[in-house]
Amino acid sequence: MIKEVIVVEGRDDIIAVKAAVDAEIIATNGYAYGNKLIATLNEISKRQGIIILTDPDFMGEKIRKDISSKVKNCKHAFLPQGKALKKDDIGIENATPEDIRIALDKARPTKIEVVETFKKSDLLSLGLIGDKSSNEKRQKIADILGIGPGNAKQFINRLNSFGISYEEFEKALKRIDNDKE
């Protein structure tokens, strides 16, 4: 698995990169991202690093430059336009898995072995899955830990791949419990 989180522009890019490599991926949803995403990326950058893989077009470069000016120590992966082109559409989603792997390898990602510290059963017993307030609790913990928003599966994957310790997790859990009182 790639240690760094890969930053792409959209949902279709996530699908294409997931087909190529085992990594956590976050989408900017175009240029409409805000300070919350930048804050999340800064936390992720400190913990494990990020690789920016945006479309090889004007807007992709604009996003790349903006993020790298606000987030320190970004690695960059580039796809040539010809490798990301389908008819008149330029985008990461049009690249082959092999071309995506080649682009990411050139960014020199760190490979890691993920340790499964957290399991679905842990989150179920803590009310972080299967309860009507589960999503809200997960999002609060994700904000505290700086791992970004996501569904239950993404939450577990990020806890494990971001190397969150059980101690860190418990502190975040206690913090949201204290905020309720």
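The values are calculated or read from the model by the stated rules, or taken from the named source; none is laboratory data. From a predicted model like this one, the values you see are computed outputs, not experimental measurements. Ideal geometry is used to build each Cβ from the backbone, glycine not excepted, and the neighbour counts take in all protein chains shown.
Picking from residues in segment 42-66 that are in contact with a strand residue (DSSP E or B) (Cβ under 6 Å, 6 or more places away or on another chain) and aliphatic (A, V, I, L, M), the one that is surrounded by the most Cβ atoms within 10 Å (Cβ to Cβ) is 53. Scanning segment 91-106 for residues that are surrounded by 18 or more Cβ atoms within 10 Å (Cβ to Cβ) and not acidic (Asp, Glu) yields a total of 7. On the given criteria, is residue 163 at pLDDT below 95, surrounded by 14 or more Cβ atoms within 10 Å (Cβ to Cβ) and on the phi > 0 side of the Ramachandran plot? Yes: the conditions hold for residue 163.
For segment 83-109, a residue qualifies if it is assigned to a loop (DSSP other than H, G, I, E, B), among the charged types (D, E, K, R) and farther than 13 Å from residue 50 by Cα, and the qualifying residues are 87, 88.
When 96, 110, 117 are checked against the criterion of being among the β-branched types (Val, Ile, Thr) and modelled with pLDDT of 95 or more, a single residue qualifies: 96. In the set 88, 177, 131, 122, which member is modelled with pLDDT under 90, of a type in the set (Asp, Glu) and surrounded by 13 or more Cβ atoms within 10 Å (Cβ to Cβ)? Going through 88, 177, 131, 122 in turn, just one is modelled with pLDDT under 90, of a type in the set (Asp, Glu) and surrounded by 13 or more Cβ atoms within 10 Å (Cβ to Cβ): 122. All of 141, 112 fail the test of being in contact (Cβ under 8 Å) with a residue 40 or more places away in the chain and among the hydrophobic types (A, V, I, L, M, F, W, C), apart from 112.
Residues in segment 137-145: is at least one assigned to a loop (DSSP other than H, G, I, E, B) and either closer than 22 Å to residue 74 by Cα or charged (D, E, K, R) (or both)? No. The set of residues from segment 52-78 being in contact with a Leu (Cβ under 7 Å, 6 or more places away or on another chain) and farther than 15 Å from residue 26 by Cα comprises just one member, 56.
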